[in-house]
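Asks: Dropping the structure in here first, questions after.
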Amino acid sequence: MQDRRYSFLVSALGAAFLVSAFACSKEPGTVERKSESTTQTSQGEVKTTQESKQVGNTLEAKTETKTDTGGGTVKGKVETYVGTVTLYEPGKKIEVMTAEKKNHTIALDAKDTTVAIDATVAVGSHVRLTEQTGDDKARRVTVKIEG
């Protein structure tokens, strides 16, 4: 009996999540999400802010993390784009187009940048581009073919 109540609760929560996700949509096929959370860890307080917009098979997402520790504050940011490569100059720059023909250009030759790009990436490829930055000023750019 208790298992049924639990599965009903999980189903109800799942349905509420889906309804809220689609309620945020601006146009058919668009899902926008925003969330903020704060947790306490052994290193200090961690605040995470996430925003994403998905239109069809494209995605724009940003996650920012701020950790307050006894030794100071540490920040990090991850930006993710899923879309079509419209410009690619190996070792120099890549441009990914997401929904509404919005282009995101990333410099691959910037100082303190580590790049990992799937060898099959070319103009017209559908990719997932992830750019990570932190307080150490190092940037990590990863580009993978998105299936």
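Asks: Taking segment 125-147 as the search range and keeping residues that are under 18 Å from LEU59 (Cβ atoms) and more than 15 Å from the chain's Cα centre (by Cα), which one is modelled with the lowest pLDDT?
Replies: GLY147
Asks: Further, regarding this structure: Please go through segment 52-72 and pick out each residue that is without any contact (Cβ under 8 Å) to a residue 60 or more places away in the chain, closer than 11 Å to VAL82 by Cα and open to solvent by 60 Å² or more (accessible area, probe 1.4 Å).
Replies: GLN54
Asks: Shifting gears a bit: Does segment 103-110 contain at least one residue that is open to solvent by 40 Å² or more (accessible area, probe 1.4 Å) and touching a residue at least 60 places away in the same chain (Cβ under 8 Å)?
Replies: No, segment 103-110 contains no residue that is open to solvent by 40 Å² or more (accessible area, probe 1.4 Å) and touching a residue at least 60 places away in the same chain (Cβ under 8 Å).
Asks: With the requirement that a residue be aliphatic (A, V, I, L, M) and over 30 Å from GLY72 (Cα atoms), what does segment 109-147 give you?
Replies: Taking segment 109-147 first, the residues aliphatic (A, V, I, L, M) are 110, 115-117, 119, 121-123, 127, 129, 138, 141, 143, 145.
Matches in segment 109-147: ALA116, ILE117, ALA119, VAL121, ALA122, VAL123, VAL127, LEU129, VAL143, ILE145.
Asks: For LYS34, state whether it is among the basic types (Lys, Arg), modelled with pLDDT of 90 or more, under 27 Å from VAL127 (Cβ atoms) and loosely packed, with under 12 Cβ neighbours inside 10 Å.
Replies: Yes: the conditions hold for LYS34.
Asks: I would also like to ask the following. Take LYS93 and decide whether it is open to solvent by less than 80 Å² (accessible area, probe 1.4 Å), among the basic types (Lys, Arg), more than 30 Å from SER42 (Cα to Cα) and under 21 Å from the mean Cα position of the chain (by Cα).
Replies: On the way: open to solvent by less than 80 Å² (accessible area, probe 1.4 Å): yes; among the basic types (Lys, Arg): yes; more than 30 Å from SER42 (Cα to Cα): yes; under 21 Å from the mean Cα position of the chain (by Cα): yes.
Yes: the conditions hold for LYS93.
Asks: Turning to a different aspect of this structure: Considering only residues of segment 111-124 that are open to solvent by less than 50 Å² (accessible area, probe 1.4 Å) and either hydroxyl-bearing (Ser, Thr, Tyr) or not in a loop (DSSP other than H, G, I, E, B) (or both), which is nearest to GLY29 (Cα to Cα)?
Replies: The qualifying residue nearest to GLY29 (Cα to Cα) is ILE117.
Asks: Now for a separate question. Within segment 89-141, how many residues turn out to be of a type in the set (Lys, Arg) and within 19 Å of VAL55 (Cβ to Cβ)? Walk me through how you get there before you give the answer.
Replies: Here is the first cut: in segment 89-141, the ones of a type in the set (Lys, Arg) are 92-93, 101-102, 111, 128, 137, 139-140.
Narrowing further to those that are within 19 Å of VAL55 (Cβ to Cβ): 101-102, 128.
Count: 3.
The values are calculated or read from the model by the stated rules, or taken from the named source; none is laboratory data. In this text the structure is predicted, and so the values were computed from the model without any measurement. Quick reminder, even Gly has a Cβ in these numbers, built from the backbone with ideal geometry, and neighbours come from all protein chains shown. The area values use the complete protein model at the heavy-atom level, side chains included, leaving out ligands, DNA and RNA. Shrake-Rupley method; radii C 1.70, N 1.55, O 1.52, S 1.80 Å.
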